[in-house]
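The values are calculated or read from the model by the stated rules, or taken from the named source; none is laboratory data. Since we're looking at a predicted model, the values are computed, not measured. Quick reminder, even Gly has a Cβ in these numbers, built from the backbone with ideal geometry, and neighbours come from all protein chains shown. Surface accessibility is based on the protein's heavy atoms, side chains included, excluding ligands, DNA and RNA. Shrake-Rupley method; radii C 1.70, N 1.55, O 1.52, S 1.80 Å.
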Amino acid sequence: MFNSVDKVFLHGIGRSSVRFISQNPKSRFVQLNPFASAATNTKKRRSKNENQENFTVNYLMNTWGFSPEKALSASKYVNFDSTEKPDSVVSLWKSHGFTTKQIENMVKRFPPIITCDPQKTLLPKIEFFRSLGMPEGDVVSILCGTPTIFKRSLEKQIIPSYNYIKSLFESNGKSLGSMKRLAEILCCDRQSRLLPNIEVLREAGVPELKIVALLQYQPRTLMVEREKFKKVIEQVKELGFRPASLKFILAVHAFRSMNKKTWEKKVEHYKKWGWSEGEIILAFERHPYCMMISTDKITAIMDFLINKMGFESSVLLKRPALLSFSLGNRIIPRCSVYKVLLEKGLINKGKYLISMLESTEKEFLQRWRSVHPCPLGCLSNMKFSTEDFAFLADLSLRGFEFASISNLHAFIAWILGSILLLWCYRARC
């Protein structure tokens with residue numbers, strides 16, 4: 001009888017888990033080894049996890065273009081051993097207007113999104129934004145810009161936050177036309193961050209319209225713990241910014257967008273161009289954005305304006321907004337027009353250059369096209385950008401250079417140049 005019990009017992013726990021102490025059938029003792037079975041199970045689980053991890057890594061690399069390092073890192077937070085769930089997620093997105101490139105960007109920014117439940121988690125968010133009367137293209141842009149919103153609770157997070165922000169905007173005569181930027185704030189914890197930080201701004205004396213402007217254009221500024229945000233407000237006030245001014249909000253955003261190390265790095269960078277710490281603070285007060293520009297852009301613009309255009313460093317100190325302009329799309333083309341007008345004797349050296357750089361595109365074209373008219377009347381009503389006008393001005397200068405050789409050459413240069421310009425314009429359209 002003992003032998004039959006023996007067999008049942010051994011069958012239940014597995015032979016690899018026991019060891020007989022005595023071979024006497026009447027006094028048989030066994031020593032259990034409970035860890036043998038556990039070790040086997042652990043090994044199986046580890047093997048299964050490794051297989052899932054390898055499958056996930058390969059999927060992310062082959063399907064969505066992840067690098068091996070990023071795929072391995074992502075596999076720590078998301079794991080699957082078949083493409084069934086990811087395929088259903090992708091299918092839902094595509095059926096609602098998402099392109100493959102947009103899906104790829106979302107997955108790269110937030111990998112766990114690829115394993116969400118399509119019907120319970122993803123679809124309700126899409127339907128909510130559509131219920132607001134937004135075009136499908138806008139809904140797609142909002143969700144692509146903030147993919148983490150798919151993992152937020154619709155009832156507990158998104159809808160209450162949306163209703164609060166909507167009421168805040170409408171009470172100040174604003175509409176939610178900038179919803180693309182506000183999507184991030186819908187992911188922010190309303191009770192622990194958004195509401196406390198708005199209250200900090202109110203206590204500091206910031207008008208409601210300025211608070212709305214911050215939410216509208218830089219909502220991420222408010223997505224921080226209350227104590228950290230309060231310290232930023234205090235730092236900005238110490239610099240002398242008035243809470244009622246727009247520059248106060250810009251300065252708050254500047255301080256929130258960088259840490260102390262980044263700030264010090266940019267201070268040192270400006271010092272290389274001859275600015276003192278006091279002057280840097282002065283420039284920051286005039287145009288807070290000058291401290292948010294990358295050091296590479298600072299170097300490129302400073303080098304061009306000072307070393308190539310002959311600017312004094314003090315000019316940029318008085319007008320730090322120049323540093324926020326695009327070097328390739330604004331500064332260089334307008335400086336090219338300035339050089340042409342200067343060489344033709346239509347303006348005096350040093351005059352008008354600052355106003356040419358600071359004026360809007362419309363003001364620039366209206367003012368300087370009258371000084372330097374288009375060579376063909378048929379082109380006078382065409383819409384030109386600054387780059388077009390710079391090209392035209394340079395082309396015209398070449399015509400005058402040819403004119404100094406002979407009238408025939410001048411005539412040929414004008415005709416060929418105008419034909420080329422017209423062809424370039426039509427090609428762009």
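A few points about this structure:
- Residues satisfying the stated conditions in the range 326-341, i.e. surrounded by fewer than 16 Cβ atoms within 10 Å (Cβ to Cβ) and within 28 Å of Ser245 (Cβ to Cβ): Ser326
- Those residues of the range 296-314 which are touching a residue at least 12 places away in the same chain (Cβ under 8 Å), open to solvent by 30 Å² or more (accessible area, probe 1.4 Å) and within 29 Å of Gln218 (Cα to Cα), in sequence order: Lys297, Thr299, Ala300
- Residue within the range 260-279 that is assigned to a helix (DSSP H, G or I), among the hydrophobic types (A, V, I, L, M, F, W, C) and open to solvent by 60 Å² or more (accessible area, probe 1.4 Å) present: no
- Just one of the listed residues (Leu176, Leu182, Leu186, Leu168) is farther than 18 Å from Ile142 by Cβ and at pLDDT below 95, namely Leu168.
- Of the residues Ser67, Ser75, Ser82, the single one that is surrounded by 20 or more Cβ atoms within 10 Å (Cβ to Cβ), farther than 23 Å from Thr146 by Cβ and among the polar types (S, T, N, Q) is Ser75.
- Condition met for Ile126 (part of a helix (DSSP H, G or I) and within 20 Å of the chain's Cα centre (by Cα)): no
- Residue in the range 182-199 that is closer than 20 Å to Arg242 by Cβ and among the aliphatic types (A, V, I, L, M) present: yes
- Meets criteria (in contact (Cβ under 8 Å) with a residue 24 or more places away in the chain, open to solvent by less than 30 Å² (accessible area, probe 1.4 Å) and either farther than 28 Å from Val200 by Cβ or in contact with a helix residue (DSSP H, G or I) (Cβ under 7 Å, 6 or more places away or on another chain) (or both)) for Leu222: yes
- Taking the range 65-123 as the range and being part of a loop (DSSP other than H, G, I, E, B) and farther than 23 Å from Glu136 by Cα as the test, the residues that pass are Gly65, Phe66, Ser67, Ser75, Lys76, Tyr77, Val78, Asn79, Phe80, Asp81, Ser82, Thr83.
- Residue among Ser153, Ser141 that alone is open to solvent by 40 Å² or more (accessible area, probe 1.4 Å) and either aliphatic (A, V, I, L, M) or over 22 Å from the mean Cα position of the chain (by Cα) (or both): Ser153
- Restricting the range 177-206 to residues that are outside any helix (DSSP H, G or I) and either among the hydroxyl-bearing types (Ser, Thr, Tyr) or surrounded by 17 or more Cβ atoms within 10 Å (Cβ to Cβ) (or both), the residue that is farthest from the chain's Cα centre (by Cα) is Val206.
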